[in-house]
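Since the structure comes first, as structure tokens, the remarks are kept for the end.
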Amino acid sequence: MLILTCPNCGVTGEETEFHGGGEAHLKRFGPGSSEGDFHDYLFSKVNPKGVHLERWRHNNGCGKWFHAARDTVTLEVFGTYPAQTTEPPQHIRDAITVKRPGWSWREFA
Amino acid sequence: MKRYSAFAVAREALRNNTGWDRAWASPEPKKKYDVIIIGAGGHGLATAYHLGKNFGITNVAILEKGWLGGGNTGRNTTIIRSNYLQDPSAAIYEKSRSLYETMSQDLNYNVMFSPRGCMMLAQTQHEVRGYERTAHANALQGVKTEFIGPERVKQLVPIINIDGPRYPVLGALWQARGGTARHDAVAWGYARACSDMGMHIIQKCEVTGIEQSGGKVTGVNTNRGPIGCDKLGMVVAGHSGHLAEMAGFRLPIESVALQALVSEPIKPCMDVVVMANTVHGYMSQSDKGEMVIGGGTDGYNNYTQRGAFHHIEETVRALVETFPMIARLKMLRQWGGIVDVTGDRSPILSKTPVDGIFVNCGWGTGGFKAIPGSGWGFAELMAKGYSPLTDAFGLDRFYEGRFIDESVAAGVAH
């Protein structure tokens, strides 16, 4: 069972208290964008075997969204951080690098 | 290949079972094949079988990183049905179900197909309307299903509690010709037939890279050295995204863990498959007497092949409510598999951006029932570049918004 800490309210809870929201840091493409960009935004998933940055919602708690860095093979959570950012903060990247040197996820490393 | 028959059993009984051959060979890989299939699970082996049987292509290697049928083929709950809503799905799943009917004879291998009937319970008004709609669609598609009332449900499944406290049974979608089969035997039967046609099944051979030249596939790198090919079929379920990345493209797929469990064996008490999608659980009884139970998927990407404990709890709670007599059963084993889920809950059988690479994936939580039909259609696609069975399941449907929305038929249990 995953144990996550919500960065909004500071509560640490089991995964039943949260709800996964899929891949994080999507760049949105709407009307006017190319078909390829729109398709990739909607459907192309990184779906990595390893480090994954994703969205979660504390739906049985404060109800707010946040981000988490997690390993999809070991289920280790490297850290959580607020949703109000377009890229993972440096301390999260450092925390992942300590455990998974040389990692990369989309354009981030 | 020596044929299996009652006569062969009698003959071997007289000579102390010394005359049985190995069911399939374990050859060393050659330098090059016409076709390489990655993944020796049900879908990969069925594809190879139909490449040989329907199109005479037998210079084929099937590469498997683990052991034959050790992925989702050996981890599912063996349900076979074809009561889908959309026309393309009904076509491929019904083709598949009909191939299961004669599979034991076709392969000369007993896959224990048991058309015992498959029942999907309607426990909310919404589900009643959904399944009535499916029954009507199936009538137009030529798939024999019917919507039955609660009395008929109770008659078919005496152990069910039809006036449950939370979700009374309001009816069910009943497919009398659905059922189950022995999952391992399906993989073994295909493997034996493929090996007999001269194909190479190479186990413990993990693909580590894909070689291309001028936008066309030329071969794969493996832990047993490079192997060349003209055409490459990726049939690796949960790891499809991982392989696609090696080939340089992405798939509209996310991998999640789906789990199942079996109880201790008990006397025969339920001779149909029952699926309860509202409460997230489905159950059938195996020939050994174990109650085979399937649950829901974990709600986040993972590759762990086990699944979260609270999902088992949820499934078992739902089934105890639906079948009160199983409350004191002990559970023997629990396991998980990595399923590849697409946005519209329909599979992908398609060409890819790389010339010569074909992909068969996205069967999500319900691939076992589709094995023979998927193999039939995908072999045709690989051999001829087009198959009427797989045409609607191309990757281009995500660009064109031409989805095959099966979330009604496949929202939870599959």
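The values are calculated or read from the model by the stated rules, or taken from the named source; none is laboratory data. On a predicted model such as this, the values are computed, not experimentally measured, just so you know. As a convention, Cβ positions derive from the backbone with ideal geometry for all residues, glycine included, and neighbour counts pool all protein chains shown.
Some values worked out for this structure:
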quantity: Verdict on residue B:376 being assigned to a helix (DSSP H, G or I) and either within 26 Å of residue A:23 (Cα to Cα) or out of contact with any Asp or Glu (no Cβ under 7 Å at 6 or more places or on another chain) (or both); calculated: yes
quantity: Of all residues in the stretch B:330-352 being more than 14 Å from chain A (Cβ to nearest Cβ) and part of a strand (DSSP E or B), the one that is surrounded by the fewest Cβ atoms within 10 Å (Cβ to Cβ); calculated: B:333
quantity: Scope the stretch B:243-293; condition surrounded by fewer than 19 Cβ atoms within 10 Å (Cβ to Cβ), within 14 Å of chain A (Cβ to nearest Cβ) and either out of contact with any helix residue (DSSP H, G or I) (no Cβ under 8 Å at 6 or more places or on another chain) or part of a strand (DSSP E or B) (or both); matching residues; calculated: B:245, B:246, B:248, B:249
quantity: Residues (over 13 Å from the mean Cα position of the chain (by Cα), at the interface with another protein chain (Cβ under 8 Å from one of its Cβ atoms), outside any loop (DSSP other than H, G, I, E, B) and charged (D, E, K, R)) located in the stretch A:15-57; calculated: A:15, A:35, A:40
quantity: Scope the stretch B:301-329; condition facing chain A (nearest Cβ under 10 Å) and aliphatic (A, V, I, L, M); matching residues; calculated: B:308
quantity: Filter result (assigned to a loop (DSSP other than H, G, I, E, B), within 14 Å of chain B (Cβ to nearest Cβ) and either more than 13 Å from residue A:2 (Cα to Cα) or of a type outside the set (Asp, Glu) (or both)) within the stretch A:59-91; calculated: A:59, A:60, A:72, A:73, A:74, A:75
quantity: Test: residue B:318 is assigned by TED's automatic domain parsing to the domain that holds residue B:169, surrounded by 15 or more Cβ atoms within 10 Å (Cβ to Cβ) and of a type in the set (Gly, Ala, Ser); calculated: yes
quantity: Residue in the stretch B:141-148 that is assigned to a helix (DSSP H, G or I) and in contact (Cβ under 8 Å) with a residue 12 or more places away in the chain present; calculated: yes
quantity: Scope the stretch B:307-332; condition of a type in the set (Lys, Arg) and out of contact with any Asp or Glu (no Cβ under 9 Å at 6 or more places or on another chain); matching residues; calculated: B:317, B:328
quantity: Flag for residue A:80 being among the polar types (S, T, N, Q) and either surrounded by fewer than 16 Cβ atoms within 10 Å (Cβ to Cβ) or under 30 Å from residue B:395 (Cα atoms) (or both); calculated: no
